[in-house]
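Each reported figure results from applying straightforward, stated rules to the coordinates on display, with no laboratory input. Quick caveat, the model's predicted, so the values are computed rather than measured. Using ideal geometry, Cβ is built from the backbone for each residue, glycine included, and neighbour counts are taken over all protein chains shown.
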Amino acid sequence: MEEELGDLLLQVVFHCQLARERGAFDFERVARHIADKLLRRHPHVFGNLRVKNVDQVWANWEKIKRAEKHGTRTPGRLRWMAFRNIFPRSCGSRKLMKKARRAGLATGTPRSSKRTRTRVAEELFELARYANSRGWSAEDLLRSETRKRERALRKLEARRPPQGSATAESATV
């Protein structure tokens, strides 16, 4: 991990140097920006804000982020990542559902939620084996399904009123 972090730091230093040579910004400005952002977005850690649980932390974080992004192309709306290209396929699905839950767009529990972790792993393996026997890539199938669900969540999110508005409290998901 130490070596990977060193590689990452090299990229940051390298890009900061290129930007400094163009007169755009430098490493100090980048470091100051991220430090300020951490302080701003975490008043429950660095300030006087008291929270009762992690849900309040996330709600406050989203509120702060919306205020910071006010006036951008998609004010008050979620900024969806291209999960399928950044994370391994299964991780992309997990990240998508985590973001959807935080936004209040994923409610309820999946079917057959009483399955054990071992049973789920066995079923996933069998599904991958079945897909392979048909000449399909299980990862590609999962990526396709994740994209489909991402599009559906984006549409649902776009129809919801922004949080904090008078109608946001009565919106059902």
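Annotation: extensible slack from Trp58 through Ala128 equals 21.7 nm (criterion: 0.36 nm per residue apart, minus Cα-Cα distance).
Taking other C-beta atoms within 10 Å as the exposure proxy, Met1, Met97 rank Met1, Met97 from fewest upward. The string of couplings for the stretch 32-45 from the Karplus curve (6.51, -1.76, 1.60, θ = phi - 60°) is 5, 4, 5, 5, 4, 5, 4, 5, 5, 7, 10, x, 6, 9 Hz, one whole number per residue in order, with x for Gly and Pro.
Listed from fewest to most Cβ neighbours within 10 Å, the set Glu62, Glu68 follows the order Glu68, Glu62. Residue order for His42, His70, fewest other beta carbons within 10 angstrom first, comes to His70, His42.
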